[in-house]
Amino acid sequence: MKHPQRDTEQSTRKISRRTLVLGGAQLAFAGILALRMRHLQVEQADQYRLMAEENRINIRLIPPTRGLIFDNQGRSLAENEQNYRIVLVREDAGNVEEALARVARIVPLTSDEVERARKEIARRSPFVPVTVADRLTWADVAHVAVNAPALPGITPEVGLSRLYPMGEDFAHVIGYVGPVSDYDLSKLETPDPVLQIPRFQIGKTGVEAKMEDDLRGKAGNKRIEVNAVGRVIREIDRTEGKAGASLQLTVDAGLQNFMQARMAKESAAAVVMDTRNGDLLGIASAPSYDPNKFVRGISVPDYRALTENPYRPLANKTVQGAYPPGSTFKMVTALAALEAGVVSPEDTVWCPGYTEVGGRRFHCWRRGGHGSVALNQSLEQSCDVYFYEIAQRVGIDRIAETARHLGLGARHDLPMSAVTEGLMPDTAWKRENRGAEWVIGDTLNASIGQGFVLTSPLQLAVMTARLASGQAVLPRLIKSVNGLETPVGGGAPLPFAPHNLARIRKGMYSVSNHRRGTGYRSRIVSEDMLMAGKTGTSQVRNITAAERARGVFRNEDLPWHRRDHALFVCFAPYDAPRIAVSVVVEHGGGGSTAAAPIARDIALRALYGEMPPLAAYPSNQRWEAEQRLNALPLRTLQPPSPGRNRA
């Protein structure tokens, strides 16, 4: 049956309208899609290209090479050695536990190393490389490299680690480096990004810590391409960082080694200072420790052995230790009295063995007394009563002022840890700190270096250098930074009359060279190297009246920790001083028996620049000196290599 023509035309018009509507909609959709594609491909092309690059390009910091440290002859004291390690990037490695297990099947890992890696991975951002194992052998690294296809996110690297070739000799001076801790970061307002690198090493103590900014250098960076599973494909480019500055110290490695060896069996400290420019030629604290153990990660037993040792090997006694100076302080009291004009070199004081003030007896170290003594004899024989008397005349404030001019009671600016300022008390100090008025007994105690007075071996060396030179010399430890000389420590003339300083030096000469001098046995007999010194013994306990009545206990009869400290200071040569030396032996007993012999050996080593010649010792002591010197565990020093990079 045929449809009418009218129906056919109507149906055709309906189909055409639908076709137009559908075609229009399709055309509109295609137009919108085209515009969107143009927007993405043209207008936002740079943004999406960058996103694509970031998905396959990683930027990593390159740790800078830490600066080297040398002694004053160019011998290496702190250097860098190659360190093979394995690092893991969490976002590239996938399942961390599986990744660690795969590494452990190739490289032997202890449970402590695995646990430390887990904690480090949890603390760090997923894109930060974390060290899983370090100080590996080349064979271990090669095994990891061969298995790289099965170890996504795990990469072998070659880095640098700190090495101290002189070991214990410079532990207290140079200190050591260690991994950056949260505490280290908390002390910085704007931490260097390189500090975020896991196990990145920074200075923890000593010169390494105080000169950290110079030694660290500036980090570089590298761009690497990784595939979809995080495996490194290639390195695209790198920007090298700036190596840290090299430092040259004023200390002589040979002298330092001799000092450490000479004090090996003691709890002691010694400082050698150039009287002309303030250079510290030797600054040794005994016993010491091996800083390399801290760099590599010290074991619990090793650390416990250090902390439980009564001789305190971790403490730097040269600058941290604060001791009553004992009779080494008497030059200060004498100089203050001479400058104040309350005593002349010829004035005498009668010493019956004690002075009585306010119903209390202040005893001299010699129970029977010294009789009539003047300035020179009082220093030579270390008569306490003489200084009790002149201290009452001059007063503590003038004594304290003189002491400060000589470098006591002041913190000397050195790049070492915990440098003490000691304590030089006066009337104002006691009022402010003890809430009490100064009394005459305080003055008498202070006049012989007891009571409140505290000094460090460094300060005693500075005092001696100033007395010897007449200049306000300052200690210097850093000789140069990257070859640029630092200011020397020579100072202005001291505000004392030259003839008064000469009288103090003459008294010190008698100590070491007069038969009745307390340091006579430790004299130097070479005419061109004659030494001037002063012994000191400082009490660490009170001696009761009952003990004095029955006889004071000898030091050797007391427990070690209750024995007196032994001290000795000296300078040489007497006519043209070049060096000043201070020695403190903790609980060593008497300064003349424990500290003076050590100081003489050290002074001779510093003066001659080699093993002390036996001819410098009194003839009746040469055999003993030879046996003692030959038994020292000295290190064989390598000469600086030709063309070696020096500071």
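Counting only residues that are closer than 17 Å to residue 242 by Cβ, touching a residue at least 40 places away in the same chain (Cβ under 8 Å) and assigned to a helix (DSSP H, G or I), how many does segment 210-224 have? First the steps, then the outcome.
Within segment 210-224, the first condition is being closer than 17 Å to residue 242 by Cβ, and the residues that meet it are 211-222.
Now drop any that are not touching a residue at least 40 places away in the same chain (Cβ under 8 Å), which leaves 211, 214-222.
Keeping just the survivors that are assigned to a helix (DSSP H, G or I) gives 214-216.
Qualifying residue count for the region: 3.
Looking only at residues in segment 492-544 that are modelled with pLDDT of 95 or more, more than 35 Å from the chain's Cα centre (by Cα) and among the hydroxyl-bearing types (Ser, Thr, Tyr), which one is nearest to residue 578 (Cα to Cα)?
Per the stated criteria, the residue is 526.
Looking at 194, 173, 207, which is the one that is at pLDDT 75 or above, assigned to a helix (DSSP H, G or I) and over 26 Å from residue 316 (Cα atoms)?
Numbers: 173 fails: over 26 Å from residue 316 (Cα atoms); 207 fails: over 26 Å from residue 316 (Cα atoms).
When all the criteria are applied, what remains is 194.
Can you tell me which residues in segment 237-283 are within 14 Å of residue 599 (Cβ to Cβ) and either of a type in the set (Gly, Ala, Ser) or not in a strand (DSSP E or B) (or both)?
255, 258, 259, 262, 263, 266, 268, 269, 270, 282
Select from segment 177-199 the residues that are in contact with a strand residue (DSSP E or B) (Cβ under 7 Å, 6 or more places away or on another chain) and not aliphatic (A, V, I, L, M) and write down the one among them that is farthest from residue 292 (Cα to Cα).
Looking at residues that are in contact with a strand residue (DSSP E or B) (Cβ under 7 Å, 6 or more places away or on another chain) and not aliphatic (A, V, I, L, M), I get 193.
Does residue 142 count as crowded, with 21+ Cβ neighbours inside 10 Å, part of a helix (DSSP H, G or I) and not assigned by TED's automatic domain parsing to the domain that holds residue 261?
Numbers: crowded, with 21+ Cβ neighbours inside 10 Å: no; part of a helix (DSSP H, G or I): yes; not assigned by TED's automatic domain parsing to the domain that holds residue 261: yes.
Spelling it out, it is not the case that residue 142 is crowded, with 21+ Cβ neighbours inside 10 Å, part of a helix (DSSP H, G or I) and not assigned by TED's automatic domain parsing to the domain that holds residue 261.
Can you name the residue in segment 372-407 that is part of a helix (DSSP H, G or I) and among the small types (Gly, Ala, Ser) and is also nearest to residue 355 (Cα to Cα) among such residues?
Checked segment 372-407; the qualifying residue nearest to residue 355 (Cα to Cα) is 391.
Answer yes or no as to whether residue 289 is in a helix (DSSP H, G or I), among the hydroxyl-bearing types (Ser, Thr, Tyr) and either outside the structural domain of residue 387 (by TED's automatic domain parsing) or over 30 Å from residue 363 (Cβ atoms) (or both). Break it down into steps so the answer makes sense when it comes.
Working: in a helix (DSSP H, G or I): no; among the hydroxyl-bearing types (Ser, Thr, Tyr): yes; either outside the structural domain of residue 387 (by TED's automatic domain parsing) or over 30 Å from residue 363 (Cβ atoms) (or both): yes.
No, not satisfied.
Quick check on residue 346: is it among the charged types (D, E, K, R), out of contact with any Ser or Thr (no Cβ under 8 Å at 6 or more places or on another chain) and at pLDDT below 95?
Working: among the charged types (D, E, K, R): yes; out of contact with any Ser or Thr (no Cβ under 8 Å at 6 or more places or on another chain): yes; at pLDDT below 95: no.
So residue 346 does not fit the description; no.
For segment 434-450, indicate whether the set of residues that are buried (at least 19 other Cβ atoms within 10 Å of the Cβ), touching a residue at least 40 places away in the same chain (Cβ under 8 Å) and touching an Asp or Glu at 6+ places or on another chain (Cβ under 6 Å) is non-empty.
Yes, segment 434-450 contains a residue that is buried (at least 19 other Cβ atoms within 10 Å of the Cβ), touching a residue at least 40 places away in the same chain (Cβ under 8 Å) and touching an Asp or Glu at 6+ places or on another chain (Cβ under 6 Å).
Among the residues in segment 121-137, are any modelled with pLDDT of 80 or more, closer than 28 Å to residue 96 by Cβ, in a loop (DSSP other than H, G, I, E, B) and not small (Gly, Ala, Ser)?
Taking every residue of segment 121-137 in turn, none turns out to be modelled with pLDDT of 80 or more, closer than 28 Å to residue 96 by Cβ, in a loop (DSSP other than H, G, I, E, B) and not small (Gly, Ala, Ser).
Please work out if residue 418 is of a type outside the set (S, T, N, Q) and in a helix (DSSP H, G or I).
Working: of a type outside the set (S, T, N, Q): yes; in a helix (DSSP H, G or I): no.
Criteria not met by residue 418.
Out of the residues in segment 74-92 that are in a strand (DSSP E or B) and of a type in the set (D, E, K, R), which is nearest to residue 170 (Cα to Cα)? Spell out the reasoning first.
Here is the first cut: in segment 74-92, the ones in a strand (DSSP E or B) are 76-88.
Okay, now just the ones that are also of a type in the set (D, E, K, R), so 79, 81, 85.
On the way: 79: 13, 81: 18, 85: 28 Å.
Checked segment 74-92; the qualifying residue nearest to residue 170 (Cα to Cα) is 79.
Among 207, 177, which is more than 19 Å from residue 298 (Cα to Cα) and either crowded, with 16+ Cβ neighbours inside 10 Å or in contact (Cβ under 8 Å) with a residue 12 or more places away in the chain (or both)?
On inspection, the qualifying residue turns out to be 207.
Quick check: is even one residue across segment 118-134 closer than 30 Å to residue 167 by Cα and aromatic (Phe, Trp, Tyr)? Lay out the reasoning, then the answer.
Of segment 118-134, the ones closer than 30 Å to residue 167 by Cα are 120, 130-134.
Imposing the further condition that a residue be aromatic (Phe, Trp, Tyr) reduces the set to none.
Within segment 118-134, none of the residues are closer than 30 Å to residue 167 by Cα and aromatic (Phe, Trp, Tyr).
The values are calculated or read from the model by the stated rules, or taken from the named source; none is laboratory data. Model, not experiment: these values are computed from the prediction. Positions of Cβ are generated from backbone atoms using ideal geometry, with glycine treated the same way; all protein chains shown enter the neighbour counts.
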